[in-house]
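Engineer: Mind having a look at this structure? Questions to follow.
The values are calculated or read from the model by the stated rules, or taken from the named source; none is laboratory data. Since we're looking at a predicted model, the values are computed, not measured. Cβ placement follows ideal geometry from the backbone for every residue including glycine, while neighbour counts extend to all protein chains displayed. Areas reflect the complete protein model, heavy atoms only, side chains present, ligands, DNA and RNA absent. Shrake-Rupley method; radii C 1.70, N 1.55, O 1.52, S 1.80 Å.
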Amino acid sequence: MTRAMTEVLRTQWLASRWLLVPIVLLCIGLPQAVVRLATRYAGGSLDRLNPGMTSEIGPPLLIGALEGLSAIFPFLAAITGAAIALAAWNWDHRTNHVYALALPVPRSRYALMKLWAGALILLVPTLAIWIGAWLATAGVMIPDGLRAYPLAFTARFLLAALLIYATMFALAAGTIRTTLVIFIGSVLLLMVMGVGLPLLHDHLGVDLITPLQTAWYTMLGWPGPFEVFGGSWLLIDV
Amino acid sequence: MQHPHEPHIGREWSHCTRPQPCQTHRCSAIIAIAVLLSLGAIPDLSAQMQAAREAPAAREALGARIDSLAAEHKTYIREIHVRDSLRAEYNARLRTDTMLIGPFLLVSHTPASDDVVAAIRDEWAARTAMVGPAVSRLDGVVIGLNVGTHVIRGLAGTKVYDFSVWGANGRADYRRAAERVITSALTDALPEDMRNWLDGGSLGTRDAHRWAYRHLATSNLPQAQRCFAREPQSCAAALMGTHASGVSAHTRSSLLQHALDLGGDGSYARLIEDASDASARLANAAGRPINDVVLSWRATIQDARPNVNASVARAGFWTLIWLAGLALLAMRSTRWRLG
């Protein structure tokens, strides 16, 4: 790691450390809370530390409860990524990029270093959620037929947070103008597709799916950028 | 000869005892009817008299109304012609193409793409040997290709199997759609008792065993749980019972598909041959006792356990590619703006 990179990392850490405190607490606590709530909802206690309190609960109820409660984790990942991305550029914007201009590095390299620094900082909440997931699943007795997936869950969290982080970083890296260009470009693309697809169908006999479907499946379906959000976020699964 | 004062027994007005009162009643009735008729006619007469007084004005009004109606009629006829010509043009543009693929008639308003035809052909080819001589049960099955704005809903009372694609994955989606319509048609061609046993399920698709594993692993039913915990008798009892036993349609579909896979060529034809119940049909299709079928099926679905880690790995690969693209965007798309 170069000295410039170390400096950028240190600066970024200073900018985002207080923001990380509540995020880390949520990352450690939420997995445990979700598993405990799910087991309680399923009508039993799976506490490994208190075998006397253990009672049989049905896997479908547990899975159903986890499916409902686990919807919170994609949001947590998105909030984490967005917060770190915005914190990365907030200081630069506030000081009109004077510090960055004073550095003897080109802008593209500076942006890349900031991107790497943010990605490294993302490892802190990722570590926190792994600890939370491990504590949540190690403390319960998993019913037969089900397994705990703390590592896969953590990997999914990291990927989702990284994706939102990179998206927000790319938008926040520029100016309002760039953000507007990207936003208007996306809207125009959808509009052009909305007009262009019927024209293609009427004049060339080419059938394509509607723009909304295209956008939805492109974003959330394989191999879209947000596919990772659509998978299973269950800590305990078959 | 009857005496004039004798009562008129057996005749009308029999209650009259004398001729004079009867005549009086008859006259009264005739007068009453005449009065009533004249009262009813008075308004008509007065209306005719009024119309006669106003005849020239009424004629003119009626003539004007007739003229206006004629104009409206002309407009209506013109609109009818426009509508008919538009419909003719629409029909001329809206071609209806048909294509025979195996026993299926593919109907579409626009020429079917090569990928769609290839998907249906491939999916049918994968099942041709399994269906065997029972292919005649599929004759006349219509697949409606609905991938545009012109939707084929039904053709003269014939059931149309809807080939719709919602994804954006091209050939993979076409294959899934083709698999869906072909398995639906094969399911509908099953005997009624077999369809009842399936309880809304259909012939298995690619994901049937994976879904069966999930349903069995998360079942609340004691029989299903024992089946999952390696008790073959419980498997047979749970699967071969009625839908009240609670085993999901996905699980039954998976077992049916497994029996067909075991049976190989002509297994579908053997499945629909006469048999006492669903278990006998499955045994016929597989060509072995039902307990063997269930045991091997159980081993198959154990192998089909969903791999959670693999799905994360696949998502990770594409996420990294998108990250690289976003990093390039962050590096090159903007410039520093001061002030």
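Engineer: Using only protein heavy atoms and a 1.4 angstrom probe, determine the accessible area buried between A and B, summed over both sides, in Å² to the nearest 100. Walk me through the intermediate numbers first.
Structural biologist: Details: alone 14040 and 22110 Å², together 31790 Å².
Buried area between the two chains comes out at roughly 4400 Å².
Engineer: On to the next question. Show A:ILE72, A:ILE79 ordered by accessible area, largest first, where the area counts protein heavy atoms only and the probe is 1.4 Å. Please list the in-between numbers first.
Structural biologist: On the way: A:ILE72 70, A:ILE79 100 Å².
Solvent-accessible surface, decreasing: A:ILE79, A:ILE72.
Engineer: On to the next question. Quick check: with the 1.4 Å probe, what order do B:SER234, A:SER232 take by accessible area, largest first? Working shown, then result.
Structural biologist: Working: B:SER234 15, A:SER232 45 Å².
Descending accessible area places them as A:SER232, B:SER234.
Engineer: Give, ordered by residue number, each residue of the range B:207-228 whose 1.4 Å probe accessible area is reduced by a minimum of 30 Å² on adding the remaining protein chains to the chain alone.
Structural biologist: For the range B:207-228, once contacts with the other chains are taken into account, B:ARG214, B:ALA217, B:THR218, B:ASN220 lose 30 Å² or more.
Engineer: Accessible area of B:LYS159, 1.4 Å probe, to the nearest 10 Å²?
Structural biologist: For B:LYS159, the solvent-accessible surface is approximately 120 Å².
Engineer: May I pose another question? What nm value, rounded to one decimal, do you get for the distance between B:GLU192 and B:ASP274 when each label is placed 7 Å out toward the C-beta?
Structural biologist: A separation of 1.7 nm, rounded to one decimal place.
Engineer: Take A:MET141 and A:ILE72, extend 7 Å from each Cα along the Cα→Cβ direction, and tell me the distance between the two endpoints in nm.
Structural biologist: Modelled inter-label distance: 2.6 nm.
Engineer: Let me ask something else. What distance in nm lies between label points placed 7 Å from Cα along the C-beta direction at B:ARG59 and A:ILE184?
Structural biologist: Going from the B:ARG59 label point to the A:ILE184 one covers 7.4 nm.
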